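To start, the structure under review is shown below, and the notes come after it.
The values are calculated or read from the model by the stated rules, or taken from the named source; none is laboratory data. What you are looking at is a predicted structure, and each value in this text was computed from that prediction instead of being measured. Cβ: placed from backbone, ideal geometry, glycine included. Neighbour counts: every protein chain shown. We work out accessible area using only protein heavy atoms, side chains counted, and drop any ligands, DNA or RNA first. Shrake-Rupley method; radii C 1.70, N 1.55, O 1.52, S 1.80 Å.
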Amino acid sequence: MNAHQQATGSAYNIDTTKKERQTHTLAVIAENQPGVLARIIGLFAGRGYNIDSLTVSETEHEKHVSRFTIVTTGTPSVIAQIKAQLDRMVPVHSVADLTVEGNFLARELAMVKVQGAGDKRVEALRLADAFRARVVDAATDSFVFELTGKPDKIDQFISLMVPLGLVEVSRTGVAAIARGPGVLKA
Amino acid sequence: MADEEMMTGAEMVLRALADQGVQHVFGYPGGAVLPIYDEFFQQEKVKHILVRHEQGATHMAEGYARSTGKCGVALATSGPGATNCVTGLTDAMLDSIPMVLLTGQVPTHLIGNDAFQECDTVGITRPCTKQNWLVRDVNDLARTIHEAFYVATSGRPGPVVVDIPKDVQFAKGKYTGPKGVTVKSYQPRTAPDAHAIEAAVALIATAKKPVLYTGGGVINSGPEASKLLREFVALSGIPITSTLMGLGAYPASGKEWLGMLGMHGMYEANMAMHDCDVMICVGARFDDRITGRLDAFSPGSKKIHIDIDPSSINKTVRVDIPVVADVGQALAAMLAEWKKRKVKLDETALSAWKRQIDSWRAVDCLKYRASKEVIMPQHAIQRLYDLTKDRDTYITTEVGQHQMWAAQFYRFEEPNRWMTSGGLGTMGYGLPAAVGVQAAHPKSLVIDIAGDASVQMTMQEFSTAIQYRLPIKIFILNNHYMGMVRQWQQLLHGNRLSESYSDSLPDFVKLAEAFGGKGIRCSRVADLDAAIMEMINTPGPVIFDCEVANLANCFPMIPSGKAHNEMLLGADISDEEVGTAIDAKGKQLV
């Protein structure tokens, strides 16, 4: 876009961002202090990185340590930068790229509200059963289903519910952990 | 379709500014805004004023906005250009000044790479803007700029930033005109709730000791709001005071005028606030400089608060009747309701209240020890006022003692004539603000009342005034101290004057001459009037070095941690009283 508009062939104008993009799931252990979340989000916003999903909660209350699960998309060099940028942050203890390190579990929880009556209502219940979604709230003309699983399973459930009267969705975002005995050190 | 032309991003910037009716842009070029500067070169609709430091550009835009009621516009390059604007943005944020700042950014593919002159402009400016945007696609650019003007000027005004990467400035796209551009998620309420207006008028009708407490919101609402305010005061006979930001909305010569309130406000204004039974707050926000000790703030009153920003209501002071609305619209509705009900306040009670106020006024809280030899700073402002009051005059200030003396002794009759940094207290605001005011009003007399310390913070903008023949007058009350810092050291820190003496001051007369302007020095009372007249009659920019009494302090004052009825009066105060005026708890406050 730029090279032809600029008189010089300066490296300033070479666009290296148009490479193949990959999705990675990162686990980040950080101090639970005020401003840490803002700093991590600010890194993504300021440097133009993508956040597909971000979840955070304190995991070790005595040590005030939080675990972030971040799903991000970018070229291999951008992913490498993201990890390096996260790892050099003062309150960050460690960064693990679960996608690179091998097998991991990724789960998300969704609550899905469906309105309707008659056949559609029966069909919604039947599909919920097939997906092992639980009914956590029921009224004469609505259900709230609770569903846990991989993000694509939740996507699929939601798309099936659309014609059956889906009106509202709330999702937690992904929490992830590596399979096997290995432990991510704080 | 004129509204859907193809052009480059840089062309869009200039076209959008012209379509928004912008006449002046205060800016400084650099690598990431060169395409925009190339467009400036090729057009004549929008005048560019080259500043000497980007902070100056933002304060000029503020002064321009404050004196015209229009949106101020500034332009800076990426990196240091953008970071230099942070003080001005924060200043505009705290004083609710409409400003659009355009910044250049490194090309989109380099964002996040620590490229030359890259900084995370939207990240850095997020807490000091109403809203900001990084434009990644040229087809969004024109619309974003129009949205920026809408956001800056709607509801409670404030500063916004549009960050434009260099490749977006070069790229071609479709231009969208300003017509119909709005922001769906931001539609601030401006019309008052009818029930709230009825309740407010009903409460005022029962008042025996009412007071109007007005602020910068009246100025921001436009000249019509000031007119309505004056009509309301004339109709109701309610005494009126104002914050620093609201001076001029009601004339200082007006019958019901109490003077400014707050930390260095008038004794009668603060006592009236403390003892009133109904307080009508119009476009002010109960700032800590106004309230003093919160738990003793106007303990016996019912309070009405008119504000366009719902988050200002019940923020620090609980109010009985909130009215979320534009000040002008709320005042119009109150006037209509007042006339409909034919409200008449209890005349006996009101005249007793005014007699009480007169007895406070008799204290003469601005009294100071006059001198025949040295110029007292208060006297200098009084003379400046007397010699400029019949002219078309605008006043800006820096921050410190001189600012408070200007607010106390210069009397404002009209809105938009007084530009000062209230919320942020930015030393260095006044000189560039004066340049901005003068750009908007080339034939008027624009005076920056300054201090010797503040003025050095943005001194280089005097060069901008020279370049564009903007004949601003810098009236320095030179006491060789950061006077307000010294005053607080006397109050709080046993008179240990740590680093508050202005050593190695420049020769301001020679400095003015070095820039190509005129310098005037005056150190004797007898010469003052003639020297001020010489300043006024000089056609170009002037620096006036007014050598004043070095150790004068600014009174009256509500010491930190004290209430409105515990003011320190100045005239006959002893050093010991000054040294013990603030207790241990108050010392921790700012």
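Brief remarks on what is shown
- MRE, 222 nm, helices only [DSSP H, n ≥ 4, -39500 (n - 2.57), over chain A, to nearest 500]: -8000 deg cm²/dmol
- Under 5 Å from the amide H of B:M419 lie the amide H atoms of B:I395, B:T396, B:T397, each residue being 5 or more positions distant or on a separate chain, with H modelled from the backbone and absent for Pro and chain starts.
- Remark: the B:K45-B:R355 segment gains 105.9 nm on full extension, using 0.36 nm per residue and subtracting the alpha carbon distance.
- In segment A:24-60, comparing the full protein assembly with the chain on its own, the residues that lose 40 Å² or more of accessible surface at a 1.4 Å probe are A:G46, A:R47.
- Greater than 23 Å apart at Cα, pairs in B:K208/B:K562; B:K45/B:K174; B:K209/B:K344; B:K389/B:K473: B:K208/B:K562
- Whole-Hz couplings from phi, Karplus 6.51/-1.76/1.60, listed for segment B:216-232; x for Gly and Pro: x, x, 5, 5, 4, 5, x, x, 4, 5, 4, 4, 5, 4, 4, 5, 5
- Solvent-accessible area per residue, Å², over segment B:77-131 with all protein chains present [probe radius 1.4 Å]: 30
- Contact order normalised by residue count of segment B:343-501, Cα under 8 Å, 6+ apart, percent: 20
- Sorting B:M245, A:M111 by accessible area puts them as A:M111, B:M245; the probe is 1.4 Å, largest comes first, and only protein heavy atoms count.
- Per-pair calculated FRET efficiency, R0 = 51 Å: A:S94 and B:D193 via Cβ, rounded to 0.05: 0.40
- For B:K47, the aspartates and glutamates whose Cα falls under 19 Å of its own Cα, not counting residues fewer than eight places away in the same chain, are B:E11, B:D19, B:D38, B:E39, B:E62, B:E461.
- Built amide H within the under 5 Å cut-off of B:Q131, gap 5+: B:V161
- Of A:S142, A:S53, A:S94, the one that fluctuates the most in a GNM where chain A has Cα springs shorter than 10 Å: A:S142
- Derived scalar couplings between HN and Hα for segment B:349-363 equal 5, 5, 6, 5, 4, 6, 5, 4, 4, 4, 5, 5, 4, 5, 4 Hz in order, rounded to whole Hz, by the Karplus curve 6.51 cos²θ - 1.76 cosθ + 1.60 (θ = phi - 60°), x for Gly and Pro.
- Extension gain, B:D288 to B:A526: 0.36 nm times the residue separation minus the Cα-Cα distance gives 81.7 nm.
- Gain on full extension, evaluated as 0.36 nm per residue between A:M111 and A:R132 minus their Cα-Cα distance, stands at 6.3 nm.
- Label-zone membership for segment B:193-229, site B:K340, 7 angstrom Cα→C-beta point, backbone N under 18 Å: B:193-206
- Between A:K150 and B:D38, the simple label model (points 7 Å from Cα in the Cβ direction) yields a spacing of 5.1 nm.
- In loop segments of segment B:39-69 as defined by DSSP, the GluC sites (Glu not before Pro) with at most 12 further C-beta atoms inside 10 Å of their C-beta are B:E44.
- Sites B:R369 and B:E566 - FRET efficiency at Förster radius 22 Å, r taken between beta-carbons, to 0.05: 0.45
- Less than 5 angstrom separates the built amide H of B:L568 from those of B:M557, B:I558, all sequence-distant by 5 or more or on a different chain.
- In percent, rounded to a whole number, the relative contact order of chain B is 14, using alpha-carbon pairs under 8 Å and six or more apart.
- Where B:T464, B:T90, A:T59 fall by accessible area, highest first, once all protein chains stay in place (1.4 Å): A:T59, B:T90, B:T464
- Apportionment of accessible area to carbon and sulfur, chain B, percent (1.4 Å): 51
- Near-label residues of segment B:434-449 by backbone N, under 19 Å of a point 7 Å along Cα→Cβ of B:D390: B:444-446
- Computed E for B:A18/A:E62 - FRET, C-beta separation, R0 56 angstrom, nearest 0.05: 0.35
- Probe 1.4 Å, all protein chains present, accessible-area order of B:K340, B:K179, B:K47, largest first: B:K179, B:K340, B:K47
- Shape annotation for the protein assembly as shown: C-alpha extents along the principal axes are 93, 67, 61 Å, from largest to smallest.
- Whole-angstrom gap from segment B:77-111 to segment B:14-42, using each part's C-alpha centre: 15
- For chain B, calculated [θ]222 nm from helices alone, where every DSSP H run of n ≥ 4 adds -39500 (n - 2.57): -11000 deg cm²/dmol
- Simple label model, 7 Å out from Cα along Cβ direction - A:S159 to A:S77, nm: 3.4
- Complex-versus-alone comparison for segment B:92-117, residues with a loss of 50 Å² or more in accessible area, probe 1.4 Å: B:H109, B:G112
- Percentage relative contact order, segment A:105-175, counting C-alpha pairs under 8 Å, at least six apart: 52
- Label-to-label distance, B:E5 versus A:E101, with points set 7 angstrom from Cα along the beta-carbon direction: 5.8 nm.
- Couplings 3J(HN,Hα) for segment B:26-41, derived from phi with the Karplus relation 6.51 cos²θ - 1.76 cosθ + 1.60 (θ = phi - 60°), are 9, x, 8, x, x, x, 7, 10, 4, x, 5, 5, 4, 6, 4, 4 Hz, where x marks Gly and Pro.
- Rounded if a/c under 1.5, otherwise prolate or oblate - chain B, Cα gyration tensor axes: oblate
- Solvent-accessible area buried by A and B, counting both chains, probe 1.4 angstrom, square angstrom: 1300
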